[in-house]
1. Can you give me the number of residues within region 116-170 that are out of contact with any strand residue (DSSP E or B) (no Cβ under 9 Å at 6 or more places or on another chain) and in contact (Cβ under 8 Å) with a residue 24 or more places away in the chain?
2. So residue 48 clears everything in (1) closer than 17 Å to residue 223 by Cβ; (2) crowded, with 20+ Cβ neighbours inside 10 Å except one condition, right? Which one?
3. Specify which of the listed residues (186, 191) is touching a helix residue (DSSP H, G or I) at 6+ places or on another chain (Cβ under 6 Å), modelled with pLDDT of 95 or more and assigned to a loop (DSSP other than H, G, I, E, B).
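The values are calculated or read from the model by the stated rules, or taken from the named source; none is laboratory data. From a predicted model like this one, the values you see are computed outputs, not experimental measurements. Glycine also receives a Cβ, built like all others from the backbone with ideal geometry; neighbour counts cover every protein chain displayed.
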């Protein structure tokens, strides 16, 4: 997911797309590419809109070892759900990973994407999110996104309140849940809500570090943690 305007990251994104912002000398997009390389993933689909030419040029320089397809949203920024609807014909695999480029994390022993792939069960799952306990969600500005039950099902029923798990920006989705768009522009929350209602939205707790780097102040906070070990 590389199409957004990066409004939370202003003024750093006035002339640079958020995926090309650097943390500890590494661009956010490159951090995601490294994650995918380490997991053995070879084909990626990248959506673009804001300063799309910069993202495309960087991919040409830094993603030559991937089979890259571009989902072009220059004409209309479709938000996350609409972006997935447009990109779906370019995605060969079912299920597939979807990753945001505004987080920074590290694994402990087993690669997070490998853990997710091993947990995936098509008989019961439409969505599988990597989540992190709220107390270990570095730099988060929220109060938690989900509850996680003993069967690893995610929920968020009831009024807005603090919840114990934060979504990391990494998920797996079955293709059949990415359907019936309510409009051209909408959030992935539509797919999540459908899966939650049907008991088919699951979570896997991340066992490593995770940092929200979606706003300027979070960059220095994250660097202090990762450089300091």
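1. The number of residues fulfilling the criteria is 2.
2. With respect to (1) closer than 17 Å to residue 223 by Cβ; (2) crowded, with 20+ Cβ neighbours inside 10 Å, residue 48 is out only on (1).
3. 186
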